[in-house]
Amino acid sequence: MNLARLRKRRGLTLDGLAELSSISRAAISALENGAGNPRLETLWSLANALGIEFGELVGARNDVEVVEADGISVRLIDRQTRPRTVEAFLLDLPANAKRHADAHVHGVSENVVVLSGAIAVGPLSTPMLLHAGQSHQFAADVPHIYSSGAEPSRAIVTIIYPEDDTALTSEDQELEWPVGKDEWANVRAQLNRARIEVQNGYAHSRITFKSAPEPLQSAIRLIEDELATRSGIAETAKVFVTGNRTPAIATFYRTTQMRPLPINEQLATPLITNCRELANAAITPWLAKKVDADDLHAKSQNSTHIIEAALAAEVLTRLGRPTVPTGISQKQVTPKQSPLMDRMFEDRIDVDVYEAYELVHPAYARQVLAVAETLPVFATKSDQTILDVGTGPGLPLQMLLELRPELHVVAIDPSEIANVHLSRRFADDSRVQAVQASIIDYRPADYLFDAAVSIGASHHLDTKQFLSSIHECLAAEGVLVIADEMLAPFRDRRERNLALVTHHLWYILDTLFDLPASSSEAERAVCDILKQGLPPAMSLALSGRSEAATRQVRETFKAATDIDLGNALVAREAAFNRFHLLELQALVAGLDYEVEQKTYPARFVSLAESNGFSLLQHRRIYATQGDGSYDAGTHLFVMVKR
């Protein structure tokens, strides 16, 4: 058993696996180091937490045996993985033994054949007594029991895992592969109908094809060429051509992403005025087309202000011309010097990649402009020192200071790696004092702040502690400005996972473009994996199939990260795919509830109010899922301390 390898492949920390499995961190660490004799339930709990079959955890060999302290033994005797996973175990129970088994993942069933003795087996509420030669099959995604009688008993237990649930549904339309102009015209008519249906109310629509020609990629390219399916970033119906076993056309409703930002009339520098114009141009294609494309490109590559370059690049990108602004750098690996017991941001998110490529994240610069517009203009110089919570590597703070150069900032972040980047970025800037600390532990020594900001950080901490700790650092009537990502409302784990998938995938799908011929083979391979794997995940999520959607996301992420991209960009446009992998990394961490702990806007406001804040202003800066202002996306909150 190579538990450490499986855990790391899954992207989990020791603490994360402990939380998901309800097995102690110390016990998991001991198993990874080859110590301990785990009970059967321990192994099942670990397998379920890792999202793998039992046989994969203990190894594919048929001589693996687990013996319980009470004499119960289980031996893996066979394992097949195609067309579905089936594992067969030899179960030996001593006389008068009971084994209580936790529920397996949804859809798992068991078939038990008794070889000798008698066993009561099945769900706890309805077990069935079986004698030698008898069998019983039951749904094993509920707690169940195996209980022997006065004699020792032996049985073959076959665990049958569910088939892939990405199959066609009643909402899908399956067509024969078109031959000739008339049949292609019919496909176009069906696609136009799908576009109308989704823009008027459907969440999505999917057209699949039977008897498509081989190879699959050629069929996909033919569909793209025949139907001109590539849709613009601001269209209400987004179309993706994908293929797993057969080509498919997926059409999704895309809500309006951007609306006008707040304007502070007290701010009127040439840079802020220009940034406002760029932010306004990005809202819709017809506004963007009023701006000279050559001027936009020049600003994106040559501006001395990162905020201006990023906003100009975003306008071009939304016009269908993927543009990487100045400010994007090659990844520089920062070694971590001091191992910590507490989980840190860098335990799940590559901070070096975050520093290098996060600038192409949709609305990344836009949110900073919104913060600059809503942050108070202070009357005296002594009031101009603000607190920045969760500064990270410091790129948003750099853009904020470009817009508001009068500010002085105490920048706090607990991440060691982030502080290396932060100190490097502001080494010659006396306006910034970097402090490596969590806001939960930090308190100013001799004064309280009149204002605090936090950009993209609130969801990395316990939200209540985050808000209450900032409250203690602010003076009376101090202002707190937060820009961060929020999910659509959810009530349980299933709804939260669906909200996570749709939210993060829209940031990716909005910027998922073909790479130029100058890109490397590895860069193009990653791009192709994302193009083929993520639209189906979105289809599954919009269909409400949470487990299938999350599995598709994890499999796509694993396939993409198995390719070695190196640290250098071959094509600058490949920066988008580096960002996409970073976004998937955050999505997977969110599914595991490690480091990423997003809530939804209404709940965030409620938590803020219960921790001494009043809401002054709220806007959704960039919409991912849902039409309402309190649905998913990047949000701006302006609050005052009561």
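Across q = 0.10 Å⁻¹, the chain modelled as identical point scatterers on its alpha-carbon atoms has Debye log10 I(q)/I(0) values of -0.98, in the order of the q list.
When you count the other C-beta atoms within 10 angstrom of each residue and take the mean per peptide, 116-129, 211-224 line up highest first as 116-129, 211-224. For the range 544-642, the residue among Leu584, Phe613, Pro601 whose Cα projects farthest onto the positive side of the dipole built from Cβ charges is Phe613.
Do you know the relative contact order of the range 110-256, to the nearest whole percent, from alpha carbon pairs under 8 angstrom that are 6+ apart?
Working: 245 pairs, mean separation 26.8, N = 147.
Averaging sequence separation for qualifying contacts and normalising by length gives 18 percent for the range 110-256.
Each 10 Å bin from 0 upward holds the following percent of the Cα-Cα pairs of the range 1-132: 11, 40, 36, 12, 1.
For the chain, the longest principal axis of the Cα atoms and the long axis of helix 416-425 meet at an angle of about 20 degrees.
Seen against the Cα atoms of the chain and their longest principal axis, helix 40-50 is set at about 30 degrees.
Counting only C-alpha contacts under 8 Å and six or more residues apart, can you give the relative contact order of the range 493-591 as a whole percent? Write down the numbers at each step before the final one.
Details: 104 pairs, mean separation 39.3, N = 99.
The normalised contact order for the range 493-591 reaches 40 percent.
For Leu130, the residues whose amide H sits under 5 Å from its own are Ile119, Ala120, Val121, ignoring neighbours fewer than 5 places away on the same chain, with H placed 1.01 Å from N. On the beta carbon distance between Ala150 and Ile563, with R0 = 51 Å, the FRET formula returns roughly 0.30. All other residues whose Cβ lies under 10 angstrom from that of Ala237 are scored, Lys and Arg at +1 and Asp and Glu at -1, for a net of +1. Backbone amide hydrogens, once placed in the peptide plane, bring His635 within less than 5 Å of Asp484, Glu485, Met486, Ile621, excluding anything fewer than 5 places away on its chain. Cross-link pairs exceeding 24 Å between alpha carbons, from the set Lys238/Lys531; Lys289/Lys531; Lys531/Lys558; Lys238/Lys289; Lys238/Lys299: Lys289/Lys531; Lys238/Lys299.
Each peptide among 547-553, 562-568, 101-107, 365-371 gets the average number of other Cβ atoms lying within 10 Å of its residues, and from highest to lowest they stand as 365-371, 547-553, 101-107, 562-568.
Given a cut-off of under 8 Å on Cα pairs at least six residues apart, what relative contact order in percent is computed for the range 172-253? It would help to have the intermediate numbers written out before the result.
Details: 117 pairs, mean separation 28.2, N = 82.
About 34 percent, as a whole number.
Taking the fewest neighbouring Cβ atoms within 10 Å as the starting point, the ordered list for Asp294, Asp92 is Asp294, Asp92. The amide H of Thr385, built 1.01 Å from its N in the peptide plane, has His408 as neighbours under 5 Å, considering only residues 5 or more places off or on other chains.
The GluC sites (Glu not before Pro) found in the range 360-430 that occupy coil by DSSP, while having at most 13 further C-beta atoms within 10 Å, are Glu406.
Sequentially through the range 613-618, phi angles give Karplus couplings (6.51, -1.76, 1.60; θ = phi - 60°) of 10, 10, 7, 9, 7, 9 Hz, Gly and Pro residues having no value and appearing as x. The local environment of Leu115, defined by Cβ-Cβ distances under 14 Å, has a net charge of 0 under the rule Lys, Arg +1 and Asp, Glu -1.
Protection proxy ranking of 623-633, 186-196, by the mean of other Cβ atoms within 10 Å over each peptide's residues and highest first, is 623-633, 186-196.
We did not get these values from a lab; they are worked out from the coordinates using the rules stated. Keep in mind that this is a model prediction, so the values were computed, not measured. Note that each Cβ is placed from the backbone with ideal geometry, even for glycine, and that neighbours are counted across all protein chains shown.
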